[in-house]
Amino acid sequence: MRKFLGRLNNIFFKVFGAISGLTIFFALLLGIVFIRLYTKSAQRTRQEQLCHVSEQLATRLGDTIAYGDYEGTMQFLEIYNSFETAELWFVSENSAISEFENDLPGLDMAIATTQEEFLEVIDKTYEGTQVANVFYSDIHMATAIVVGTPVRGSSGTIIGVLVSIETLEDLDGAIEGIGRMIFVSSALALLVSGLIAFMFARRITEPVRQMRLMTRDMIEGNYKLKTGINRKDEIGEMARSVDMLSDKLLENEEERKNMEQMRLDFFANVSHELRTPITVVRAYAESLVDGVVTTKEEQEEYYSRILRECSNMERLVGDLLTLSKMQNPNFKIEKELVSLTQILEDAVGGVSAIAAEKGISISPSGQFDEPCMVMGDYGRLRQMFMVVFDNALKFSHEGSTVHVDVKCSGNAVEITIRDEGVGIAPEELPNIFDKFYKSRLLDNEKGSGLGLAIAKYICEKHNGTVRVESELGKGTAFTFVFGKTS
Ligand code: ADP
């Protein structure tokens, strides 16, 4: 559990770090951009308003001074005072105007600071145009918009400067509020990103944990488990691969067990097949050595039995040798252009004596006269047909016929060898090509059960196929198909 938490934490912190880093970065970026834009636009609006009002005030002030229109100016100042927050100074070098000082409330008739920025605004205004600037005012202890407006007398000459000051404290407050909002929302975003990171990390670590457990089981040889993960993302793909891997390993394991079993069976079969003739030979030889057998006829009988058993063993060992060669994946058949019909004829010639002995006739049909050339090993192909002819004769009744049909058209050669013998039971059919699978019939006393296995290997080494059809009591047909080369 602790280990799991450790792993989760690892991924969790990585995801959390990435998400929270991004969140904080964007919150800061957005905050700074927003505050800058907000400040700029708010300042601009206020400055425009202040310039506009100051312009009107300066005109009124000029009129007051020139024509003595106190009432109008007073009203204007009153209205102005009621909704504007700006501070107004009137600066003039003309001593004659000082008499207005007490009559105009809300208007300071002097400059209350020596701060350079203020003096600069006043100086510039004296040049004839309205001047606006934003700077930190020492006496107000806040950033302020300062607008200087020229006040003109009746002749149009500048008789003073109206300085309007509006501090931006409230704007600072608003910015502070926005900053706080951004901070709170960033903290909330961090909390949410922590939650997302936790869920995200769990979604990754849980299947990884499952896969890890499964692979550990696989290392210990248990291939039957499945991850049970069904997702459409990369993790799902990985889980499917792990499942496929375990299937494959299970398959291999079963194949390996089968092979092992087959190998053991093979050894058991070989030992069994060899032990019987050896026991017989030993018994006969012992009898001869001990002098138990006295008559000449009996002795000859014993010698010929020993000889028969020896040739049986020789055949068995020969078959085993061929089989082991054929099973070797590196074994390559020496191929040359050969006539399949010629090989068939040769094989028929080889078994004709046994056929005649049993009164069985071999009847060719189809394109037996055509060469039917294929690439192959003459000797091996002859051996293959001999196995099938041997069986056909062995399992046929006296006086029956073995039919050999050749179809040599298109790109393939098809050869069918059909007998009218005992036939094979349907449940036995799938096994007849297995090594050591043989009939217990008396006719098959000498059979080793290796013939058809060898025949099938030879056929496959020639890229051919073999199939068998049979009906109990009616007969059996083996059909070989090879690719033609001409
Ligand atoms: P063997 O002939 O030495 O027993 P094979 O591998 O040649 O071994 O044949 C395996 C088994 O297949 C035979 O023992 C027999 O049961 C069956 N079989 C093969 N050919 C025929 C056939 N023509 N008719 C009936 N059974 C057959």
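At-a-glance table
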| read-out | value |
| --- | --- |
| Pair list, Cβ under 9 Å, 6 or more apart: region 410-427 residue acidic (Asp, Glu), other residue near the ligand (Cβ under 6 Å from one of its atoms) and assigned to a loop (DSSP other than H, G, I, E, B) | Asp419/Phe395 |
| Single residue of Thr143, Thr149, Thr227 found to be under 30 Å from Leu30 (Cβ atoms), outside any helix (DSSP H, G or I) and among the hydroxyl-bearing types (Ser, Thr, Tyr) | Thr143 |
| Residue among Leu195, Leu171, Leu190 that alone is without any contact (Cβ under 8 Å) to a residue 24 or more places away in the chain and in a helix (DSSP H, G or I) | Leu195 |
| Hits in region 152-168 - residues which are small (Gly, Ala, Ser) and either part of a strand (DSSP E or B) or free of Cβ contacts under 8 Å to residues at least 60 places away in the same chain (or both) | Ser155, Gly156, Gly160, Ser164 |
| Which numbered condition Glu445 misses (of (1) farther than 18 Å from Lys474 by Cα; (2) within 8 Å of the ligand (Cβ to nearest atom); (3) more than 53 Å from the chain's Cα centre (by Cα)) | (2) |
| Given (1) in contact (Cβ under 8 Å) with a residue 40 or more places away in the chain; (2) within 9 Å of the ligand (Cβ to nearest atom); (3) out of contact with any strand residue (DSSP E or B) (no Cβ under 6 Å at 6 or more places or on another chain), index of the condition Asn431 fails | (1) |
| Filter result for Asp377 (away from the ligand (no atom under 15 Å from the Cβ) and under 54 Å from the mean Cα position of the chain (by Cα)) | yes |
| Test result for Asp243, more than 30 Å from Leu321 (Cβ to Cβ), charged (D, E, K, R), crowded, with 16+ Cβ neighbours inside 10 Å and modelled with pLDDT of 90 or more | yes |
| Some residue of region 408-420 being within 9 Å of the ligand (Cβ to nearest atom) and farther than 30 Å from Val338 by Cα | no |
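Residue-wise test of (1) away from the ligand (no atom under 15 Å from the Cβ); (2) closer than 27 Å to Glu309 by Cα; (3) touching a strand residue (DSSP E or B) at 6+ places or on another chain (Cβ under 9 Å).
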site: Met386; (1), (2), (3): no, yes, no
site: Lys394; (1), (2), (3): no, yes, no
site: Ile424; (1), (2), (3): no, no, yes
site: Lys456; (1), (2), (3): no, yes, yes
site: Gly464; (1), (2), (3): yes, no, yes
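The values are calculated or read from the model by the stated rules, or taken from the named source; none is laboratory data. It should be emphasised that the depicted structure is a prediction, and the values quoted were computed from it without experimental measurement. Positions of Cβ are generated from backbone atoms using ideal geometry, with glycine treated the same way; all protein chains shown enter the neighbour counts.
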